[in-house]
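Reviewing the structure listed below.
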């Protein structure tokens, strides 16, 4: 209730009381909106949980689908222009040499354009830390040669990779991937190698097309051409 000041007939001041009128009833929709405003704000939904990371020896394992990766690579492939520069030709099988600080090991290698990444047979793998970085210590040998030398090597870990082959559901173990320098003929190259057990393979070393691209051409009808320096 409020008091109003006004003038009477004789010019005198009169006080009158004004009674507040009832407000008109609110529509049903407006009432609902008001009720919403009165309710406390709901807390934001929790973000979807991230997929569980696969770990091995304290290192995250990178999942690689070989089929999908090959398809992406094929779609992005662009043929290099042909020019008159000579290109060295290598056979489908060649000798490669790996070295540590004091020794070297010569091993047969298959040059495989069907494989993306190079692979190396090794034994006695051991992960360790050096200067805050993961390293791998391993032994390189040829399991098919009875008196093969056993060359101990060390290299920084590039990543742990679980390579899923077409039709494979599970079971392939995570493989250490390292960067190694090797010689083939008179060429010296650096490439990524996955370290795994190739004792059931004919060749302890496989050179994939990532490296072959930098190497030259491969003649699938011949072997051991590196030392012959065949050019085309």
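The values are calculated or read from the model by the stated rules, or taken from the named source; none is laboratory data. Owing to the predicted nature of the structure, the values given are computational and were not obtained by experimental measurement. Glycine also receives a Cβ, built like all others from the backbone with ideal geometry; neighbour counts cover every protein chain displayed.
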Does residue 215 fit the bill of being touching a strand residue (DSSP E or B) at 6+ places or on another chain (Cβ under 6 Å) and either farther than 20 Å from residue 110 by Cβ or buried (at least 19 other Cβ atoms within 10 Å of the Cβ) (or both)? no
Residue 172 vs (1) part of a strand (DSSP E or B); (2) under 16 Å from residue 199 (Cα atoms); (3) at pLDDT below 95: all pass except (1)
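Answer with yes or no whether residue 87 is touching a strand residue (DSSP E or B) at 6+ places or on another chain (Cβ under 7 Å), modelled with pLDDT of 75 or more and closer than 21 Å to residue 198 by Cα.
Spelling it out, it is not the case that residue 87 is touching a strand residue (DSSP E or B) at 6+ places or on another chain (Cβ under 7 Å), modelled with pLDDT of 75 or more and closer than 21 Å to residue 198 by Cα.
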Those residues of region 122-146 which are outside any strand (DSSP E or B) and surrounded by 10 or more Cβ atoms within 10 Å (Cβ to Cβ), in sequence order: 141, 142, 143, 144, 145
Has region 102-112 got any residue that is surrounded by 18 or more Cβ atoms within 10 Å (Cβ to Cβ) and without any contact (Cβ under 8 Å) to a residue 40 or more places away in the chain? no
Please find, within region 150-169, the residue that is modelled with the highest pLDDT out of those that are in a strand (DSSP E or B) and under 16 Å from residue 71 (Cβ atoms). 163
Please work out if residue 110 is assigned to a loop (DSSP other than H, G, I, E, B) and modelled with pLDDT of 90 or more. no
Of all residues being in contact with a strand residue (DSSP E or B) (Cβ under 6 Å, 6 or more places away or on another chain) and not in a strand (DSSP E or B) in region 190-211, which is surrounded by the most Cβ atoms within 10 Å (Cβ to Cβ)? Just the residue, please. 204
